[in-house]
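A short write-up of the structure that comes next.
The values are calculated or read from the model by the stated rules, or taken from the named source; none is laboratory data. Quantities reported herein were computed from a predicted structural model and do not represent experimental measurements. As a convention, Cβ positions derive from the backbone with ideal geometry for all residues, glycine included, and neighbour counts pool all protein chains shown. Areas reflect the complete protein model, heavy atoms only, side chains present, ligands, DNA and RNA absent. Shrake-Rupley method; radii C 1.70, N 1.55, O 1.52, S 1.80 Å.
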Amino acid sequence: KDLAAVYWLNEPFNPYYHDPHLLNRILVAALLDQLIMKPGEYCNASNIYYFGSHAFTLCHSQSGAFSLVYKDAPPEVQAIWHTGQQRLTDRFLDTTVATTNQWSFMLVGLWRYYEATGEEQYKTDIEQAIHWMATAAYGNMGQRAAGYMTESGGPDATYNGITGHDLAYLWHQSQDPELLDMLRKCYSLFNHTITPEPDGSWQASSGFCHRTPGDWISPQFGAGLGTMANALPEAGLRFPDHLP
């Protein structure tokens, strides 16, 4: 994924933009990842049972390069890569993960497949899943009316940081208004658990977490606060603490 970002980034300081040798290196690595997978065709060959690990791997390792360089691959490589990537992605259309943050990783991986291929059915599936998450359709997963995203059945500020990060990415890619409303509600709730001190530092409640001892001062992955600062005043409260 990192090499694919270097290949994709069109900036004057990047001498590797659309470098054909770098593209070849990325394609070899991506196809090798698919080649070594065991039967069952999930993403993480070392853990075939815990679906959360597969969601993380789909997002971090098995989809990032696909979304950035697939269209530049030679046609014969595209055909092979598409077949493998579609098989990986389709396994997640009916997979149940354990927590909301895992669900958000899974949606990022699904979106990257859609981004590369433009196959509209996947966008429809993602939008449906976002609606399910927004309405807590699965009971113990999703966003509650209070604004938090459940983690192991309850509110957790640090894990809501992960979910916020993923949903912020998805909103910037999709501009889905339901995502924007979800982030607004989540940020607004957790903003009420922190307060600025006279010296400019922040204090927060650490008892408002179901699973971790953390708080909204240190949300994992930054919660997308910097990324969303220009779109939501609720995110801008913590800016510039959490830059994009």
Unmet requirement for ALA116, which otherwise passes all of (1) within 20 Å of SER152 (Cα to Cα); (2) of a type outside the set (Phe, Trp, Tyr); (3) crowded, with 18+ Cβ neighbours inside 10 Å: (1)
Yes/no for GLY161 being at pLDDT below 90 and either crowded, with 18+ Cβ neighbours inside 10 Å or among the acidic types (Asp, Glu) (or both): no
Any hit, the stretch 132-152, residues being touching a His at 6+ places or on another chain (Cβ under 7 Å), open to solvent by 10 Å² or more (accessible area, probe 1.4 Å), under 17 Å from TYR187 (Cβ atoms) and modelled with pLDDT under 95: no
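Just checking, does the stretch 8-15 include any residue being in contact with a helix residue (DSSP H, G or I) (Cβ under 8 Å, 6 or more places away or on another chain), surrounded by 16 or more Cβ atoms within 10 Å (Cβ to Cβ) and at pLDDT 95 or above?
Step one: of the stretch 8-15, the residues in contact with a helix residue (DSSP H, G or I) (Cβ under 8 Å, 6 or more places away or on another chain) are 8, 14.
With the extra rule that they be surrounded by 16 or more Cβ atoms within 10 Å (Cβ to Cβ), the set shrinks to 8.
Keeping just the survivors that are at pLDDT 95 or above gives 8.
Yes - at least one qualifying residue is present in the stretch 8-15.
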Some residue of the stretch 175-188 being modelled with pLDDT of 95 or more and more than 30 Å from SER67 (Cα to Cα): yes
Per-region count, the stretch 145-164, residues closer than 20 Å to MET228 by Cβ and free of Cβ contacts under 8 Å to residues at least 60 places away in the same chain: 6
Helices (runs of 4 or more DSSP H) fully within the stretch 138-244 counting 1 or more residues that are closer than 22 Å to GLY109 by Cα and under 15 Å from the mean Cα position of the chain (by Cα): 157-174, 177-191, 225-228
Filter result for ALA98 (open to solvent by 10 Å² or more (accessible area, probe 1.4 Å), under 19 Å from PRO177 (Cα atoms) and among the aliphatic types (A, V, I, L, M)): no
